[in-house]
Every structure is written in C-alpha cells, then in structure tokens.
Amino acid sequence: MPQSANPRMTSSSSIRRRPVVVVSKVSLSSVSPATRRTVTPTADREKGWKPPAGSPVGRSVVTYRGAMDIAELLELEHRGWLSLCDGTGADFYGRRMTADAVMVLAHGLALDREAVIASLNEAPPWQSYDISDERLIEVDENTAALVYTGRASRGDEDHFHALMSTVYTCREGQWRIALYQQTPVPPAVQ
C-alpha cells in the first residue's frame with residue numbers, strides 16, 4: 001500500500017489513507033442548477049479561498065448552497081479513524097462528540113458519549129482502514145452528514161465493511177459529531 005506524505009501517518013505504516021477528495025457525490029437531482037456550486041481551488045483562491053490543511057490542490061469539489069467543504073469534514077473523519085488505529089479514540093471522540101451525541105453501531109447498540117468513551121478505552125486498535133464513496137449531504141449552514149463506505153481490519157481474521165454516516169454540527173466554530181451510524185455490508189454484496 002502506498003504511504004501517505006502526511007506526518008501523522010508515520011507511526012503506523014499499515015494505515016492506508018486515500019486522497020482527500022476527487023469529487024463529492026451529492027444528490028443534485030432535487031437541487032436547481034442555480035444553487036449548485038463547484039469549488040475550483042485555483043479560481044477560488046483569487047477570491048480568498050484557502051484549501052484546508054492536507055487537502056489536494058487543483059481538484060474540484062462539488063457541493064451546493066456554497067457553505068460546506070467535504071474536505072474539511074473528511075479530514076476530521078480520517079483523524080477519527082487514525083485515533084482508532086493508534087489507541088487514542090476515546091480521547092478524540094470524547095472531545096469531538098456533542099454532549100448529547102449518539103453512535104448507532106453495526107452490532108445493534110446505540111451508545112451515548114460516555115458509553116463511547118468507555119468502550120473505546122477497552123477496544124483493541126484497528127490496524128488499517130479505508131474510506132471510499134464519500135458524499136456530503138448539507139442539512140443547513142451548520143449541519144451536514146458525511147456518508148461513505150468504510151473498511152477496517154485488525155489483522156487477517158477481523159475485517160469490518162460498512163456504510164457509515166456521521167452527522168456534524170458546527171458549535172462555537174468547531175465541527176462536532178452529533179450522530180454516527182454504521183450499516184454492515186453483507187458478504188454477498190462485498
């Protein structure tokens with residue numbers, strides 16, 4: 001697997017990190033062309049736009065209503081997965097989740113913030129992960145859902161493949177997790 005140039009990746013060479021975004025896939029069928037916005041880093045930089053740290057320069061991101069940046073939320077999602085790989089997930093999610101946040105997990109549990117922290121303190125770290133098929137669904141100017149396919153493994157025997165969604169809300173200028181949900185992908189579909 002290719003190694004990322006990201007310095008946070010140096011501690012674990014087995015973690016596979018995909019490029020941040022080529023194109024955000026959003027359902028535009030119900031959005032009029034007048035409200036669509038294509039963010040082109042080169043042209044928008046002249047208007048004061050700056051790419052988020054670690055984002056690829058020169059790639060287009062499709063979004064609508066002009067308020068959300070999938071690269072920023074995707075970067076947070078990668079930071080969360082990295083924390084699950086290096087054993088700091090309880091700290092990361094404890095700081096990133098809202099006080100009333102819930103995680104709905106593939107094995108049938110819905111955990112509040114305190115239960116997530118407790119379970120991650122006991123969880124073995126993942127050895128690798130992959131995020132693909134990323135989509136951003138903007139709910140309003142302070143809320144968005146990041147939907148993607150996730151794969152992770154803890155070695156040869158423990159593999160996880162699910163559709164995942166994280167609902168982010170902006171509070172006091174910071175993106176926070178309000179809801180996280182996993183739907184396992186059946187082996188026949190994999």
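The values are calculated or read from the model by the stated rules, or taken from the named source; none is laboratory data. This structure is a prediction, so every number in the text was calculated from the model and none was measured. Using ideal geometry, Cβ is built from the backbone for each residue, glycine included, and neighbour counts are taken over all protein chains shown. Calculation scope for accessible area: heavy atoms of the full protein, side chains included, ligands and nucleic acids excluded. Shrake-Rupley method; radii C 1.70, N 1.55, O 1.52, S 1.80 Å.
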Please find, within segment 62-74, the residue that is modelled with the lowest pLDDT out of those that are within 16 Å of the chain's Cα centre (by Cα) and open to solvent by 20 Å² or more (accessible area, probe 1.4 Å). Asp69
Taking the conditions exactly as written (open to solvent by less than 60 Å² (accessible area, probe 1.4 Å), among the acidic types (Asp, Glu) and closer than 19 Å to Asp69 by Cα), does Glu134 satisfy them or not? yes
Show the residue pairs that are 6+ apart or on different chains and have beta-carbon atoms under 6 Å apart, the first residue being within segment 68-95 and in contact (Cβ under 8 Å) with a residue 40 or more places away in the chain, the second being open to solvent by less than 10 Å² (accessible area, probe 1.4 Å) and in a helix (DSSP H, G or I). Tyr93/Val116
Can you tell me which residue within segment 167-184, out of those that are free of Cβ contacts under 8 Å to residues at least 24 places away in the same chain and not small (Gly, Ala, Ser), is surrounded by the most Cβ atoms within 10 Å (Cβ to Cβ)? Gln174
Among (1) closer than 18 Å to Asp69 by Cα; (2) open to solvent by less than 30 Å² (accessible area, probe 1.4 Å) - the single one Met164 does not satisfy: (1)
So which residues in segment 141-179 are in a loop (DSSP other than H, G, I, E, B) and touching a strand residue (DSSP E or B) at 6+ places or on another chain (Cβ under 6 Å), if there are any at all? Asn142
Evaluation of Pro187 against (1) open to solvent by 20 Å² or more (accessible area, probe 1.4 Å); (2) part of a strand (DSSP E or B) (one fails), failing number: (2)
Tally the residues that are modelled with pLDDT of 95 or more, more than 18 Å from the chain's Cα centre (by Cα) and within 16 Å of Gln182 (Cα to Cα), restricting the search to segment 88-108. 0
Which ones in segment 137-150 are of a type outside the set (Ser, Thr, Tyr) and either open to solvent by less than 30 Å² (accessible area, probe 1.4 Å) or free of Cβ contacts under 8 Å to residues at least 24 places away in the same chain (or both)? Glu138, Asp140, Ala144, Ala145, Leu146, Val147, Gly150
